Amino acid sequence: MRVTFLGHAACLIEADGKKLVIDPWLTGNPLATVKPEDLQVDAVLVTHAHGDHLGDAFQIAKNSDALLIGIFELVNYAQFNGLNRVHGMSIGGGYNFDFGRVKMVPAMHSSGLITEDQQIIYLGEPCGYVIQIGDKTVYHAGDTGLFGDMALIGEQFNLNLAILPIGDNYVMGPDDAIYAAQLLQPEQVLPIHYNTFPAIEQDVQNFKLRLEEETSAECVILSSGESVEL
Ligand code: NI
Ligand code: MN
C-alpha cells in the first residue's frame, strides 16, 4: 500500500490496483501539488463538511465516476448536487467495498457546510476512517480533538499507519496527538493538518522527536506530493 500526502488533510491511498482519496481539498489549498482534474480514483472518502476537507470531493467523484463515501447526511447532500454513486455510512459501521473494508469511527469536531450565501448546512457528524486493504490497516482521524475511545481503535486494529492532525486550534495539537498515538499504538504516524495557514503552524521536526521518544511509533513526515510505502 502506498499513501501519498496531498497537502493539509488530503491523502491518496493506492493498493491492489485501486485508488482512494480522502478529504481532497486541492483548489485553494496552498500546499496542494495536484489538481482535482488530474486525480482519477475509485473512491472519495470525506470526513466532514468543512471546506478544507470536502474541498473538491464532489468534482473528483464526478470526473472519476468514483464512489463517494461519507456519513449519511453528507452523501444525501451530494446526491442533491447530482452525484449518483454514493455510499452513506454512520459512526461505528463498517462495510466491505470491492477495494477493501472501511469502518467509520468517531471524531470530536463539527461538520457544518458554510455556503456562499452565508448559510450553515449541518451535514451529520464528523468522522474518521479505518481502512483495511489486503494486510494493511490505516486510520485517518479526520479533524478531531483527543478522545479516550481512540484506545478502542488501538485495541481493535493493528494499525500500520495513523494519520493524525497536529495543528492545534481546530484539532489536536502536538501534545494531544502524541497522547493519541499512545492510545492507538500504530507502527507509524503521519502528521497532517499543520502549516497550511498561520493558526495551525507547528514545528513538525520537534513533534517527530517527541513522538519517537514518548511512543513506539515512527513519525513519517511527508511534504505535499510525497509518499510512504507500507
Ligand atoms: Ni474541520
Ligand atoms: Mn480542517
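The values are calculated or read from the model by the stated rules, or taken from the named source; none is laboratory data. Predicted model, so just to flag it, every value in this text is computed and none were measured. All Cβ positions, even for glycine, are placed from backbone atoms using ideal geometry, and neighbour counts span all protein chains on display. For accessibility, only protein heavy atoms count, side chains too; no ligands or nucleic acids. Shrake-Rupley method; radii C 1.70, N 1.55, O 1.52, S 1.80 Å.
Of all residues in the stretch 11-31, which are surrounded by fewer than 19 Cβ atoms within 10 Å (Cβ to Cβ), among the acidic types (Asp, Glu) and within 19 Å of residue 225 (Cα to Cα)?
The answer is 14, and nothing else.
Yes or no, residue by residue, for (1) in a loop (DSSP other than H, G, I, E, B); (2) open to solvent by 50 Å² or more (accessible area, probe 1.4 Å); (3) basic (Lys, Arg); (4) away from ligand 1 (no atom under 16 Å from the Cβ):
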| position | (1), (2), (3), (4) |
| --- | --- |
| 33 | yes, yes, no, yes |
| 37 | no, yes, no, yes |
| 59 | no, yes, no, yes |
| 62 | no, yes, yes, yes |
| 68 | no, no, no, yes |
| 75 | no, no, no, yes |
| 83 | yes, no, no, yes |
| 95 | no, yes, no, yes |
| 103 | no, no, yes, yes |
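Tell me the residue from 143, 135, 175, 168 that is touching a helix residue (DSSP H, G or I) at 6+ places or on another chain (Cβ under 9 Å), without any contact (Cβ under 8 Å) to a residue 24 or more places away in the chain and of a type in the set (Asp, Glu), please.
Answer to the selection: 175.
Per-residue answers, yes or no, for (1) closer than 18 Å to residue 106 by Cα; (2) in a loop (DSSP other than H, G, I, E, B):
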residue: 159; (1), (2): yes, yes
residue: 179; (1), (2): yes, no
residue: 186; (1), (2): yes, yes
residue: 194; (1), (2): no, yes
residue: 202; (1), (2): no, yes
residue: 211; (1), (2): no, no
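Which members of the stretch 47-57 meet the condition of being open to solvent by less than 20 Å² (accessible area, probe 1.4 Å) and either touching a Phe, Trp or Tyr at 6+ places or on another chain (Cβ under 6 Å) or within 15 Å of residue 193 (Cβ to Cβ) (or both)?
Matches in the stretch 47-57: 47, 48, 53, 54.
Of the residues 194, 122, which single one is of a type in the set (Ser, Thr, Tyr) and within 16 Å of the chain's Cα centre (by Cα)? Don't jump to the end; show me each part of the working.
Values: 122 fails: within 16 Å of the chain's Cα centre (by Cα).
Only one candidate passes the filter, namely 194.
Return the residues of the stretch 105-124 that are within 14 Å of ligand 1 (Cβ to nearest atom), hydrophobic (A, V, I, L, M, F, W, C) and over 24 Å from residue 151 (Cβ atoms); say none if nothing qualifies.
Within the stretch 105-124, 113, 114, 120, 123 meet the criteria.
Taking the stretch 39-57 as the region of interest, how many residues are in a loop (DSSP other than H, G, I, E, B), within 16 Å of ligand 1 (Cβ to nearest atom) and out of contact with any Leu (no Cβ under 7 Å at 6 or more places or on another chain)?
Result for the stretch 39-57: 3.
Does residue 158 satisfy the condition of being farther than 19 Å from residue 24 by Cα, open to solvent by 40 Å² or more (accessible area, probe 1.4 Å) and either more than 16 Å from ligand 2 (Cβ to nearest atom) or within 13 Å of the chain's Cα centre (by Cα) (or both)?
Yes.
Kindly establish whether residue 157 is touching a residue at least 60 places away in the same chain (Cβ under 8 Å) and of a type in the set (Phe, Trp, Tyr).
no
Just to be sure I understand the filter: pairs with C-beta atoms under 6 Å, separated by 6 or more residues or on different chains, first member in the stretch 47-60 and β-branched (Val, Ile, Thr), second member more than 8 Å from ligand 2 (Cβ to nearest atom) and in a helix (DSSP H, G or I). Which pairs pass?
60/36
Each row is one residue, and each column tells you yes or no for (1) more than 13 Å from ligand 2 (Cβ to nearest atom); (2) over 16 Å from the mean Cα position of the chain (by Cα).
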site	(1), (2)
8	no, no
14	yes, no
20	yes, no
23	no, no
33	yes, yes
49	no, no
53	no, no
62	yes, yes
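Scan the stretch 135-157 for residues that are at positive phi and part of a helix (DSSP H, G or I) and report the count.
Counting residues in the stretch 135-157 that are at positive phi and part of a helix (DSSP H, G or I) gives 0.
Criterion first (on the phi < 0 side of the Ramachandran plot, in contact with a Lys or Arg (Cβ under 7 Å, 6 or more places away or on another chain) and open to solvent by 20 Å² or more (accessible area, probe 1.4 Å)) does residue 132 satisfy it?
Here the answer is yes, as residue 132 does meet what is asked.
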